[in-house]
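What follows draws every value from the coordinates through simple rules; no lab data is involved. Since the model is a prediction, treat every value here as computed from it, not as a measurement. Every residue, glycine among them, receives a Cβ derived from its backbone with ideal geometry; neighbour counts consider all protein chains shown.
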Amino acid sequence: MLFPPGPKLNQGEQLQLLRRTPLRFFDDCHQKFGRIFTLNLGTFGNQEVDTEANGKWVFITRPEDVETLFKTSPEIAMAGVANKMLFGSRTQQGGIIRLDGREHMNIRRVYQPIFNGNRMRAYTLPIMATIRRHARLWSRSRAFPMLPEMQRITIDVIAKSILGFDESELFDMLCSRLMCLENAAIQGRDRHMAERELSRIIHEHIATNRTTDLSDREDVFSRLCQLTKPDGLALTDKELHDELVTLLKAGFGTTSNALAWLFACILEKETVRARIQEEAMNAVGGREPAKCRFDQMPYTEAVIQETLRLCPSVAGFTGVRYLSEPLRLGGYTIPAHTVVAIATHILHRDASVYPDPLLFKPERFLTAKPSAWRWAPFGGGNRMCVGRSFAMHEMKVVLATLFSDMEINLDRPVGGSEVQGFFCSPKDRGPHVRIKDRSHDEES
């Protein structure tokens, strides 16, 4: 069986290009080799992976191939094994992204009621309170970059809405370790120490709360503690630990970078900013959080979808699967023990899928929901990100709250992207903005 074509560089050189300049590397491969290509990435440098692997990673970019991959049995296209290669498993063996088969489905069923769309209302009040608490500290006299502010808001939302942390020394330590892990410049021993410290904080949080009455709390940690798996048993401390670490890591970098890109895209086009502001005023406009109409923001939702298409916060690919059996894709029979992934950077900029693909046009998502085979920032198939509803809701609440509370103007646009670990961040710490508080008298 032949693999699709790919570069002749050795494994180390390919890994280096993918880690340093992933978007340019994907563009070059797409231009030279077409809509399906092979990279030699081994186990992504993670030596502890014990699964048989041939070292080949096949990247697909056609919607029909994405559909085939997402519809393939999870016993054949295994995301858990692929994620262990991608993210490693030295400090974390479990967590929903590293599981396959029955284990994965059992945990996924536990999550479904927690991240059900109807439960998003319970998270709205703490999210809005967090946003406003941070925004009160922003300078009204000089410009400032948005990425660090979005990181602070996101980490605060995660710590409180996901873990149920209060303002404590443990909370400060958690924020410090997550920020450390977000910094790609921190590697080796320092990074490993930050991983271990994060793990210790989570274990301590679990131990402290195991004997506490959590019935009146709405955070995700409390809900996980109270729910049972299909076998009738509660999650063990280890299962809780691995799920919480997964939620922290997956939710922090993706959402904070997506928010920074959102402000970059919105503020660079006055017509977009005006419509976002109008919708924010109608949805929030001085209302109590319980009366805000976040479900009536179609243009804002389209802007989020278009931003995730054009400016993905994840560095170029999603939907990784390890093949336990051969699979036919793009005219090739891909051998077993190969990893397949979606080159979303290419898929999302394909002119045959999106007319004028390099233009920012939220209107393309106003008339129809994104296709599951053409828009994949959250992965797809039976491995669609369990936190998708939470992330989309959080981004809508951030935009609506800030654009209704203040006037936000662009001071310095973004000059491209840079890689931070698995994420693509806007350069220079995001767009630089100037803000002015809005009097709610302006709404009438």
- Item | Check on Leu9, out of contact with any strand residue (DSSP E or B) (no Cβ under 6 Å at 6 or more places or on another chain) and within 27 Å of Lys249 (Cβ to Cβ) | no
- Item | Selected residue [more than 20 Å from Arg152 (Cα to Cα), of a type in the set (Asp, Glu) and without any contact (Cβ under 8 Å) to a residue 12 or more places away in the chain] from Glu243, Glu288 | Glu288
- Message: Need pairs with beta-carbon distance below 6 Å; first residue free of Cβ contacts under 8 Å to residues at least 40 places away in the same chain and charged (D, E, K, R) and within the stretch 263-280, second surrounded by fewer than 18 Cβ atoms within 10 Å (Cβ to Cβ) and part of a helix (DSSP H, G or I); sequence gap 6+ or separate chains.
- Response: Arg275/Tyr299
- Which is surrounded by fewer than 24 Cβ atoms within 10 Å (Cβ to Cβ) and in a helix (DSSP H, G or I), of Glu301, Glu306? Glu301
- Across the stretch 22-46, what is the number of residues that are within 14 Å of Gln11 (Cα to Cα) and in a loop (DSSP other than H, G, I, E, B)? 6
- Message: Just to be sure I understand, how many residues within the stretch 413-428 are of a type in the set (D, E, K, R) and either over 23 Å from Gly253 (Cβ atoms) or without any contact (Cβ under 8 Å) to a residue 40 or more places away in the chain (or both)?
- Response: 2
- Taking the stretch 309-334 and keeping residues assigned to a strand (DSSP E or B), of a type in the set (D, E, K, R) and surrounded by 21 or more Cβ atoms within 10 Å (Cβ to Cβ) leaves Arg321
- Task: Output the residues belonging to the stretch 63-111 that are part of a loop (DSSP other than H, G, I, E, B), within 24 Å of Phe221 (Cβ to Cβ) and aliphatic (A, V, I, L, M).
- Result: Leu99
- Item | Number of the condition not met by Leu410 [criteria: (1) part of a loop (DSSP other than H, G, I, E, B); (2) surrounded by 14 or more Cβ atoms within 10 Å (Cβ to Cβ)] | (1)
- Message: Cβ contacts < 7 Å: first residue surrounded by fewer than 16 Cβ atoms within 10 Å (Cβ to Cβ), restricted to the stretch 11-23; second residue polar (S, T, N, Q), any location; separation 6+ or different chain. Result?
- Response: Gln11/Asn40
- Of the candidates Ala143, Ala194, Ala159, the one satisfying the condition of being in contact with a strand residue (DSSP E or B) (Cβ under 7 Å, 6 or more places away or on another chain) and either surrounded by fewer than 21 Cβ atoms within 10 Å (Cβ to Cβ) or aliphatic (A, V, I, L, M) (or both) is Ala143
- Task: Need at least 2 residues that are under 30 Å from Gln16 (Cα atoms) per element, so show me which helices (runs of 4 or more DSSP H) inside the stretch 112-212 make the cut, counting only ones lying wholly within it.
- Result: 146-157, 169-182, 188-209
- Message: Going residue by residue through the stretch 434-442, is there one that turns out to be under 30 Å from Leu244 (Cβ atoms) and surrounded by 18 or more Cβ atoms within 10 Å (Cβ to Cβ)?
- Response: no
- Task: Confirm whether Thr300 is among the β-branched types (Val, Ile, Thr) and within 19 Å of Ile131 (Cα to Cα).
- Result: yes
